[in-house]
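The values are calculated or read from the model by the stated rules, or taken from the named source; none is laboratory data. For clarity, every value in this text was computed on a predicted model and none was experimentally measured. In this analysis, Cβ positions are derived from the backbone assuming ideal geometry, glycine residues included, and neighbour counts consider all displayed protein chains. These area figures cover heavy atoms from the full protein model, side chains too; ligands, DNA and RNA do not enter into them. Shrake-Rupley method; radii C 1.70, N 1.55, O 1.52, S 1.80 Å.
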Amino acid sequence: MSHSDLQEQYGLEEQQIDILLQEDDAPLENISRRGHRVFFLTGFALVFLFIVFSITITLPQEVQLNFVLKGGSVEEVKRVGEPIFVHKLLVTTGDELPANTPLMVISSPGILQMISDVDRKRQLLKFQESTATDYLQKELEVYRTKGWSYREQVVELKKELTILKENRAAEIQAIEQQIAIHKNDLNRQEALFKEQVISQSQLEQAQLTVQQQEQDKRTALRAYVLSEQTLQQQLRLAQTGIQEINTTLALLEQKHALDREKLQQEVSIAEEQLKLTFGSNRIDGDRLMLLTETQGTVNMIREPETRIGAGEIVWRLETQNQAAYVYSEANSAQVGHLKEGQKVVMKFESFPYFYYGAKRGQITSIGDSPSDEGYYPINIQLNQKDDFKPELKKGMTGRASVLIEELTLAHLLYKMVARKVDGE
């Protein structure tokens with residue numbers, strides 16, 4: 001490169017060019033071209049690194065949910081709705097009890113009134129089942145006896161009708177035979193009259209005899225018809241009497257059953273009122289013996305000879321020990337990404353994540369219907385085989401992360417661009 005070129009390209013003076021030529025014998029390169037090459041190589045390297053990172057680095061897509069720990073020991077807490085007095089304890093703290101075990105004997109004015117109501121209705125029911133039942137049986141027996149009388153009448157009337165029909169047939173047959181004989185005699189008399197053997201009066205006497213026999217037949221038939229109608233009427237009355245007796249018997253038994261059912265319902269309502277107010281119980285004179293409703297262990301129970309105010313705790317009973325599980329809720333935007341079996345990472349507020357780590361689990365169920373607030377219930381099963389050491393207690397809360405998918409940086413950018421294009 002000549003002096004003139006150096007002066008034009010770099011704006012150097014003559015003296016500066018001479019100094020440069022004296023200090024370095026190496027030929028000078030074009031600084032502008034060298035900078036362009038470095039810039040190009042650096043950009044290529046950055047692009048190459050970006051491509052490598054975008055296809056190798058994955059970014060997790062997660063749904064964040066608040067949760068609460070449930071399950072564990074379940075405790076039955078007994079409170080009373082009105083002031084009571086504890087007379088006697090039948091168990092102590094720590095006792096393991098089966099269901100329906102007596103716990104204590106209590107009393108109060110309200111209890112006394114409820115017990116009196118239950119006793120009164122039980123007495124009415126007992127009267128209904130004994131005295132009223134006996135009276136009903138006697139009344140039924142009277143009607144049954146009357147019914148049997150009607151049935152006997154029916155049998156007798158049917159026999160009389162049969163006999164009447166048989167007598168009618170025999171009598172009519174005898175009359176018809178007599179008529180036939182007299183008609184034959186009349187025919188002979190007519191022949192003799194034509195031959196002038198007998199007189200006109202003798203012929204008329206024979207005709208009158210035949211007519212009298214036919215009249216006797218008609219009279220006998222009418223008499224039998226009237227007798228049969230009378231018997232049929234009596235038979236219908238007897239059968240009607242039987243039906244009325246049967247109806248009366250059914251109504252009496254139905255009324256007795258309804259009265260008994262009504263009293264049983266009243267007793268059940270009175271007993272249920274006691275149970276709703278004081279729980280499972282057994283009446284002990286004018287006092288009430290409280291019972292356990294389920295099996296469990298007594299964690300706390302009030303002392304005897306003490307008064308307990310309305311709403312105060314009477315005892316605590318540990319009834320069961322359920323497996324711990326996590327309950328969460330997802331809104332409509334989140335629930336579409338969730339599926340049963342998805343892995344979940346849970347961070348408890350009680351145990352800082354950077355020190356204790358996280359508890360792991362998986363989704364076991366997703367509710368089909370939202371709550372009134374629009375949230376879907378989510379149940380999460382805890383993984384018992386992990387490194388999370390702290391002891392968990394029911395009611396602890398925290399934040400759960402549900403891994404939906406892992407996308408590479410390139411895939412994520414592609415989806416962002418695609419959504420942007422679809423939006424436009």
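Which condition does Q320 not pass, out of (1) modelled with pLDDT under 85; (2) touching a Pro at 6+ places or on another chain (Cβ under 8 Å), if it passes all the others?
(2) is the only condition that Q320 fails.
Restricting attention to the stretch 260-301, and to residues there that are among the hydroxyl-bearing types (S, T, Y) and under 20 Å from S107 (Cα atoms), which single residue is surrounded by the fewest Cβ atoms within 10 Å (Cβ to Cβ)?
So, considering only residues that are among the hydroxyl-bearing types (S, T, Y) and under 20 Å from S107 (Cα atoms), the one surrounded by the fewest Cβ atoms within 10 Å (Cβ to Cβ) is T277.
Can you pull out the residues in the stretch 102-149 that are at pLDDT 85 or above, open to solvent by 30 Å² or more (accessible area, probe 1.4 Å) and not in a helix (DSSP H, G or I)?
Correct list: P102 only.
Testing S365 on (1) closer than 22 Å to L112 by Cβ; (2) in contact with a Pro (Cβ under 9 Å, 6 or more places away or on another chain); (3) assigned to a strand (DSSP E or B), one condition comes back false. Which one is that?
(1)
Just to be sure before I move on: is A238 among the aliphatic types (A, V, I, L, M), in contact (Cβ under 8 Å) with a residue 24 or more places away in the chain and more than 23 Å from R144 (Cα to Cα) in the structure I sent? Explain how you work it out, then say what you get.
Numbers: among the aliphatic types (A, V, I, L, M): yes; in contact (Cβ under 8 Å) with a residue 24 or more places away in the chain: yes; more than 23 Å from R144 (Cα to Cα): no.
Criteria not met by A238.
So is L231 assigned to a helix (DSSP H, G or I), open to solvent by less than 60 Å² (accessible area, probe 1.4 Å) and closer than 30 Å to D119 by Cβ or not?
On the way: assigned to a helix (DSSP H, G or I): yes; open to solvent by less than 60 Å² (accessible area, probe 1.4 Å): yes; closer than 30 Å to D119 by Cβ: no.
No.
Which numbered condition in (1) surrounded by 13 or more Cβ atoms within 10 Å (Cβ to Cβ); (2) over 34 Å from the mean Cα position of the chain (by Cα); (3) under 30 Å from E253 (Cβ atoms); (4) at pLDDT 90 or above is the only one that V91 fails?
Of the numbered conditions (1) surrounded by 13 or more Cβ atoms within 10 Å (Cβ to Cβ); (2) over 34 Å from the mean Cα position of the chain (by Cα); (3) under 30 Å from E253 (Cβ atoms); (4) at pLDDT 90 or above, the odd one out for V91 is (3).
Hey, can you tell me all the residues within the stretch 189-201 that are part of a helix (DSSP H, G or I) and either at pLDDT 85 or above or loosely packed, with under 13 Cβ neighbours inside 10 Å (or both)? Working first, answer last.
The initial filter retains those residues of the stretch 189-201 that are part of a helix (DSSP H, G or I), namely 189-194, 200-201.
Across the stretch 189-201, the qualifying residues are A191, K194, Q200, S201.
Can you tell me which of (1) open to solvent by 40 Å² or more (accessible area, probe 1.4 Å); (2) more than 30 Å from E141 (Cβ to Cβ); (3) of a type in the set (A, V, I, L, M, F, W, C) is the one A257 doesn't meet?
(2)
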